[in-house]
Amino acid sequence: MANLSVNIGNLRLKNPVMTASGTFGYGEEFADLIDLNQLGGIIVKGTTRMPRQGNPYPRMVETPSGMLNAVGLQNKGVDHFVEHIYPRICGLDTAIIVNVSGSTIDDYVAVCERLNPLDKVAAVEINISCPNVKQGGMTFGTTCTGAQSVVSACRKAYDGTMIVKLTPNVTDVTEIARAAQEAGADALSLTNTFLGMAIDVERQTPCLSTITGGLSGPCIRPIAVRMVWQVAKAVNVPVIGLGGIMNGRDALEFILAGATAVQFGTANFVDPQATIKAIGYINDYLDRHGLDSVPQLIGALKA
Amino acid sequence: MTENKKHILDFTVRQNLRLGTNYALLKLMPTGGQLPPCEPGQFAQVLVPNSKNTFLRRPISICNIDPNENLLWLLVRRAGEGTAALCDLHEGETLNVMLPLGHGFTLHRDGTTLLVGGGVGVAPLLMLGKVLKEQGMQPEFLLGARTENDLLMLDKFNELGPVHITTDDGSAGVHGVVTRHPVLTGGNMAHIACCGPMPMMRAVAALARQQGIDCEVSLENLMACGMGACLCCVEDTADAGNVCVCTEGPVFNINRLKWQI
Ligand SMILES: Cc1cc2nc3c(=O)[nH]c(=O)nc-3n(C[C@H](O)[C@H](O)[C@H](O)COP(=O)(O)OP(=O)(O)OC[C@H]3O[C@@H](n4cnc5c(N)ncnc54)[C@H](O)[C@@H]3O)c2cc1C
Ligand SMILES: Cc1cc2nc3c(=O)[nH]c(=O)nc-3n(C[C@H](O)[C@H](O)[C@H](O)COP(=O)(O)O)c2cc1C
Ligand code: FES
């Protein structure tokens, strides 16, 4: 049995397999089907200062090898999380990471401040990449100054490990990555969803209420792998890779490209047990290749 | 209603009964072990096999549980590629299914429940009728279809209670939509349980509200996960705003919904 643990800044994960925000609820939804304690980490739903109803239905459509969503950060707000959800999940033996979203810098800061005292929150993931909200979200993540201003403000408000989640909807993701690192990010995660659109040809209407939405699933994987590879070379902080990972083999693509850990998103909808199977696969892979730890594989791409 | 534990199980197709060209009744047996307990109105998330162009699971109502034979029945309408692949399954093939999901119909012990179904929406009503009958109640059915050939599983419904019929073309039963049928307009039942196309459910809900009859409908919102994780399937409610149809539904009392009826 190889050692599967990895470090994200000061945060030690028992293995590199985590679940992506917005695709795994608060973990509880999956408790009948998998042992949550086996996961490297759970990144909970995007959490905002105030409750949000999200976008009108329809919010999803299946597309070739993936899906578009326009959920729009529906959540009951950070107070509800702290008072009702945190007590239920803080006993889990896995890293609980809260995805922080907002429309203004003050919003992000307020959520970080509220989470800062909670010792069972292992890290925050600052989402500067949501394509489904009109203000804030992705607009912060598409310019270096925008990214820098949110990240440095959150840095002051949060003492623990701070991951910054990047959007792929930019010309050069490495510039934003460097800006986030300079502003105090302990790690970077990428990618969020790709801005996309689908049309119901018979009705001649958009498939989503918001017209455009975020594309996820295996259709985005090759682009996400490329971006992780570029970013891992451009920064010194750990990179967490995601985008279309369906199984352990896919996860290893990201790790070989330079990711220290990975997140499973849309895969959870198809196979709610995909994460657990992947942990086994990675362990077998290390054994098969005569390796005894995951860091030996990080960025080990022979090119 | 009790919260049944979710399972992911492989099933073997024991029988695929083609019902006309557009429907199939699949009888599935868990490849190992027993079927988990399921309630009428709950659904399953089915992974579509042999299908290159579909990706997500497909939500399908639990049509019946046959505990003696250890069989799960699914009634499937050919709507697109995923359901077509399910309709074309052969005996002996394997199907991966997650179940049971969601909250089903209320089992009323006071007064008659009229079970109103349209098209493939009759699927969950078979199990509901069976369970009501087992509990000593007397369910009554009103089934609507486009033509006589689209009336599904009539023999099975006939075993459970009185069956009233409407067809759009008048080829069987009362000519027209279900809301034209005297059993519904007469308003002699205490409860309505309805599953079918949206226009039908809205019309039935409007009539129920007019007549002050308690009414539940089963929604078919587009779903990704089917288990409350993605928040894609939401319906706006009077009491709680957007809620997940896959966990709080698919069955809702019409008083919770914000339908303009
Ligand atoms: C809780 C629930 C229970 C259901 N029970 C049954 C059942 O017992 N038997 C059955 O045959 N079908 C049932 N459906 C509908 C079934 O899930 C869809 O027909 C199926 O997902 C379509 O997939 P497809 O690949 O065949 O078609 P696609 O190519 O995905 O779509 C074909 C057409 O079907 C429509 N469609 C897609 N998804 C849905 C959906 N969720 N609801 C309604 N229309 C949809 C699309 O808009 C499109 O017009 C149920 C849906 C839900 C949400
Ligand atoms: C339904 C849905 C909801 C999502 N919600 C969030 C969210 O709240 N915050 C966030 O940072 N990312 C969110 N995402 C993006 C995912 O976390 C992930 O970055 C993206 O889906 C790509 O990974 P995948 O292809 O493995 O799904 C969401 C994705 C989906 C499909
Ligand atoms: S389908 Fe994912 S929450 Fe209902």
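The values are calculated or read from the model by the stated rules, or taken from the named source; none is laboratory data. Nothing here was measured: the structure is a model prediction, and the numbers come from that model. Note that we place each Cβ from the backbone using ideal geometry, even for glycine, and neighbour counts take in every protein chain shown. The area values use the complete protein model at the heavy-atom level, side chains included, leaving out ligands, DNA and RNA. Shrake-Rupley method; radii C 1.70, N 1.55, O 1.52, S 1.80 Å.
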- prompt: Are there any pairs with C-beta distances below 9 angstrom linking a residue in the stretch B:179-204 that is assigned by TED's automatic domain parsing to the domain that holds B:Asp150 and farther than 10 Å from B:Val217 by Cα to a residue that is at pLDDT 95 or above and of a type in the set (Ser, Thr, Tyr), with the two at least 6 apart or on different chains, and if so which?
  reply: B:Thr179/B:Thr166; B:Arg180/B:Thr166; B:His181/B:Thr166; B:Met189/B:Thr113; B:Ala190/B:Thr113; B:His191/B:Thr106; B:His191/B:Thr113
query: Quick one: is A:Ile42 assigned to a strand (DSSP E or B) and within 14 Å of chain B (Cβ to nearest Cβ)?
result: yes
- request: Would you check which residues across the stretch B:225-239 are away from ligand 3 (no atom under 12 Å from the Cβ) and within 13 Å of chain A (Cβ to nearest Cβ) and list them?
  value: B:Asp236, B:Thr237
Test for A:Ile255: is it modelled with pLDDT of 95 or more, hydrophobic (A, V, I, L, M, F, W, C), more than 16 Å from ligand 3 (Cβ to nearest atom) and surrounded by fewer than 24 Cβ atoms within 10 Å (Cβ to Cβ): no
- prompt: Among A:Val78, A:Val44, which is the only one that is without any contact (Cβ under 8 Å) to a residue 60 or more places away in the chain and in contact with a Phe, Trp or Tyr (Cβ under 6 Å, 6 or more places away or on another chain)?
  reply: A:Val44
- prompt: Only one residue in B:Leu17, B:Leu56, B:Leu72, B:Leu35 is more than 29 Å from A:Cys219 (Cβ to Cβ), of a type outside the set (D, E, K, R) and in contact with a Phe, Trp or Tyr (Cβ under 8 Å, 6 or more places away or on another chain). Which one?
  reply: B:Leu72
- prompt: Just one of the numbered conditions (1) within 20 Å of the chain's Cα centre (by Cα); (2) surrounded by fewer than 24 Cβ atoms within 10 Å (Cβ to Cβ); (3) within 16 Å of ligand 3 (Cβ to nearest atom) is not true of B:Pro199; which one?
  reply: (3)
- request: Could you pull out the residue among B:Met201, B:Met223, B:Met227 that is within 11 Å of ligand 1 (Cβ to nearest atom) and over 15 Å from A:Gly54 (Cβ atoms)?
  value: B:Met223
- line: Counting only residues in the stretch A:1-39 that are among the charged types (D, E, K, R) and within 11 Å of chain B (Cβ to nearest Cβ), the one nearest to ligand 1 (Cβ to nearest atom) is identified as A:Glu29
- request: Being at the interface with chain A (Cβ under 10 Å from one of its Cβ atoms) and without any contact (Cβ under 8 Å) to a residue 40 or more places away in the chain is the filter; apply it to the stretch B:205-224 and report the residue that is nearest to B:Gln42 (Cα to Cα).
  value: B:Asn221
query: Which of (1) in a loop (DSSP other than H, G, I, E, B); (2) open to solvent by 20 Å² or more (accessible area, probe 1.4 Å); (3) at pLDDT 95 or above is the odd one out, the single condition B:Ala206 does not satisfy?
result: (1)
- prompt: Does A:Val173 meet the test of being out of contact with any strand residue (DSSP E or B) (no Cβ under 6 Å at 6 or more places or on another chain) and open to solvent by less than 10 Å² (accessible area, probe 1.4 Å)?
  reply: yes
- prompt: within 14 Å of chain A (Cβ to nearest Cβ), more than 11 Å from ligand 1 (Cβ to nearest atom) and of a type in the set (A, V, I, L, M, F, W, C): does that describe B:Val46?
  reply: no
- prompt: In the stretch B:105-113, is there at least one residue being surrounded by fewer than 24 Cβ atoms within 10 Å (Cβ to Cβ), free of Cβ contacts under 8 Å to residues at least 60 places away in the same chain and among the acidic types (Asp, Glu)?
  reply: no
- prompt: Looking at (1) open to solvent by 20 Å² or more (accessible area, probe 1.4 Å); (2) at positive phi, which is the only condition A:Thr104 fails?
  reply: (2)
query: So is A:Thr145 within 15 Å of ligand 2 (Cβ to nearest atom), in a helix (DSSP H, G or I) and out of contact with any strand residue (DSSP E or B) (no Cβ under 9 Å at 6 or more places or on another chain) or not?
result: no
task: Check the stretch B:237-254 and report whether any residue there is touching a Cys at 6+ places or on another chain (Cβ under 6 Å), without any contact (Cβ under 8 Å) to a residue 40 or more places away in the chain, part of a loop (DSSP other than H, G, I, E, B) and of a type outside the set (Gly, Ala, Ser).
output: no
- request: Go through the stretch A:171-222 and give me each residue that's without any contact (Cβ under 8 Å) to a residue 40 or more places away in the chain and assigned to a loop (DSSP other than H, G, I, E, B).
  value: A:Thr171, A:Asp172, A:Ala183, A:Gly184, A:Val201, A:Glu202, A:Arg203, A:Gln204, A:Ile211
